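> Below: one structure in structure tokens.
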Amino acid sequence: MEKSGIIFRGCYDNHHFCLAILFSFLFCSLFLSFRSPNHALTFKHLNPSNTKNLTITDPCFGRYVYIHQLPSRFNNDLLHNCHTLTRGTDKPNMCPYMQNMGLGPEIATSRGVLTNDTWYATNQFLLEVIFHNRMRKYACLTNDSSLASAIFVPFYAGLDVSRFLWLSNLTDRDSSGRDLLQWLANRPEWKKMWGRDHFLISGRIAWDFRRQRDQESYWGSKFRFLPESINMSMLAVEASSWNNDYAIPYPTSFHPSEDTQVVQWQRKIRHQKREYLFTFTGAPRPELEGSIRGKIIEQCRASSVCKFVDCSYGVERCDDPVNVIKVFRSSVFCLQPPGDSYTRRSIFDSMLAGCIPVFFHPGSAYSQYKWHLPKNRTGYSVYIPVKDVKEWNASVEEVLLGIPESEVLAMREEVIKVIPNIIYADPRSKLDLFEDAFDLAVKGMVERIEKVREATRRGRDPSIGFADEDHYKYTFSQS
């Protein structure tokens, strides 16, 4: 106490000396706060008679993300050799879609269908590039991995595997994934949680990385079944039934750079006249046993209030955003049956246009996009379960006509409100008022990792349930 008194008496005699002590203490305290694990600074005022605490909290506490600087073969080299990538099986050149940080070519004219300067011919497989570019601008990045709540692995997994999916050589399908995991396992960041704080993203469905047998006839790579990969989490446009895969929306063609552009689009489609009761945009799947598409197309063609857009190869331009949005914005309901997999990009294109989605399987949305779509599924969608196509005889038109107009209007408004959640803003900017699909995905992943970290702190085995298969994820319910 005597020393304290001497210091404060000295301050009265020499205020410059006092100010020097004060600023030195504040500087040192702030410096130490950024080195501390909780990033919060708490100290008492220099006046001994004042016992109030002053707390400065780091806004990024619990949100820091560290990005691995991978060898270029795992990402940038794929972009430089874009001509070797496949868009599917018919168009091997992905280079045009690399423009504008992965958004694709800007749509110059839309004949009044779209709003200006925010629409691009975006390819769904470029989500890995879009997400990486957004992550580079993430507000809470850190170069100190010891401060990170999560570690992002910018491996363009979908672009990489797309070169080999249609090849019979299993070694080619699996080689990049094996090499990546070997590189990660040798990094000091890996040993912190043995990879359970690591996550990556795929613009392809998660099933493409879960080949269950080493036989050429089995689809995909086995990347997600490799030991190190099991400890990681993957974001994908469609999740598998394993707990360490998480679904995030397919990219649409709408990439606003300002909040006002979102509001302007919502206003435009809210007052849009809709001439069709329901629409189906897609191609038949006669080769898929159990596909409901054939019956849906039959019903649509037989109805005077349904619009069918045939996306069979060479029939209509279903990859033209202007054509697609023009149909969706003119429809009250949009049918979304499973195709090659449970989900479709069309789900998000149609919702973007204010069209109420109609689902026939829980795996198309309800079991997937839990961070991005409302929990109350009846508030924004219609569910017509189809357990057995052979026995299914429901009339889609009758079901939809039976919904009261007030409920239709409420559902459409809910769809319009959800739009910010399902779009990816332009990576060259950031929305201020809205959280977009990227923001919600990162927040969800950080919270997921924190739960694993909390389990470890409580002495529980973090591997329990982390990567287990959920056999009931895609089971049907009656409502």
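> Near the amide H of residue 309, under 5 Å away, which other amide H atoms are found, from residues 5 or more places off or on another chain, if H is placed in the peptide plane?
280, 281, 282
> Write down the Kirkwood hydrodynamic radius of the stretch 259-422, to one decimal in angstroms, obtained as one divided by the mean of 1/r over all alpha carbon pairs.
16.1 Å
> Which of the pairs 326/417; 326/443; 326/390 have their Cα atoms more than 27 Å apart in this structure?
From 326/417; 326/443; 326/390, over 27 Å: 326/443; 326/390.
> Turning to a different aspect of this structure: Full extension from residue 82 to residue 95: what is 0.36 nm times the residue separation minus their Cα-Cα distance, to one decimal in nm?
Taking 0.36 nm per residue and subtracting the Cα distance, the gain is 4.2 nm.
> Which aspartates and glutamates, if any, have their Cα less than 20 Å from the Cα of residue 430, not counting same-chain residues under 8 positions apart?
106, 117, 128, 258, 259, 439
> Give, in nm to one decimal, the length gained when the segment between residue 179 and residue 388 is fully stretched (0.36 nm per residue of separation minus the Cα-Cα distance).
Using 0.36 nm per residue and subtracting the Cα-Cα distance, I get 71.0 nm.
> Quick one: what are the phi-derived ³J(HN,Hα) couplings along the stretch 174-190, Karplus 6.51/-1.76/1.60 with θ = phi - 60°, whole Hz, x for glycine and proline?
With coefficients 6.51, -1.76 and 1.60, one gets 9, 5, 4, x, 4, 5, 4, 5, 5, 5, 5, 5, 8, 8, x, 4, 5 Hz.
> What nm distance separates the two modelled labels at residue 474 and residue 60, each placed 7 Å from Cα along Cα→Cβ?
Using points 7 Å along Cα→Cβ, the separation is 3.9 nm.
> Using θ = phi - 60° and the Karplus form 6.51 cos²θ - 1.76 cosθ + 1.60, what ³J(HN,Hα) does each residue of the stretch 269-276 get, whole Hz, x for Gly and Pro?
Calculated HN-Hα couplings, in order: 7, 5, 9, 6, 6, 10, 8, 10 Hz.
> Please list, in chain and number order, the residues 5+ apart from residue 242 or on another chain whose amide H is under 5 Å from its amide H, with Hs placed from the backbone.
Placed amide hydrogens put 470 under 5 Å from residue 242.
> Okay, next question. Could you state the accessible area per residue of the stretch 259-422 in Å², with a 1.4 Å probe and every protein chain left in place?
Here the per-residue accessible area is 45 Å².
> Follow-up. Can you compute 3J(HN,Hα) from phi for each residue in the stretch 366-377, using the Karplus curve 6.51 cos²θ - 1.76 cosθ + 1.60 with θ = phi - 60°, rounded to whole Hz and x for Gly and Pro?
4, 8, 10, 8, 6, 8, 10, 10, x, 5, 7, 5
> Right, another one. Mind listing the long-range amide H neighbours of residue 141? Cut-off is under 5 Å, sequence gap 5 or more, other chains count too, H placed in the peptide plane at 1.01 Å from N.
Distant-sequence amide H within range of residue 141: 65.
> By per-residue mean of other Cβ atoms within 10 Å, what is the highest-first order of 406-418, 198-210?
Ranked from most to least packed, the peptides come out as 198-210, 406-418.
> How far apart, in nm, are the 7 Å Cα→Cβ label points at residue 219 and residue 370?
The two pseudo-label positions are separated by 2.4 nm.
> In nm, what is the difference between 0.36 nm times the number of residues separating residue 401 and residue 168 and their Cα-Cα distance?
79.0 nm
The values are calculated or read from the model by the stated rules, or taken from the named source; none is laboratory data. Small disclaimer: the values here were computed from a predicted structure and weren't measured. Neighbour counts are summed over all protein chains in view; Cβ atoms, including those assigned to glycine, are modelled from backbone coordinates with ideal geometry. Surface accessibility is based on the protein's heavy atoms, side chains included, excluding ligands, DNA and RNA. Shrake-Rupley method; radii C 1.70, N 1.55, O 1.52, S 1.80 Å.
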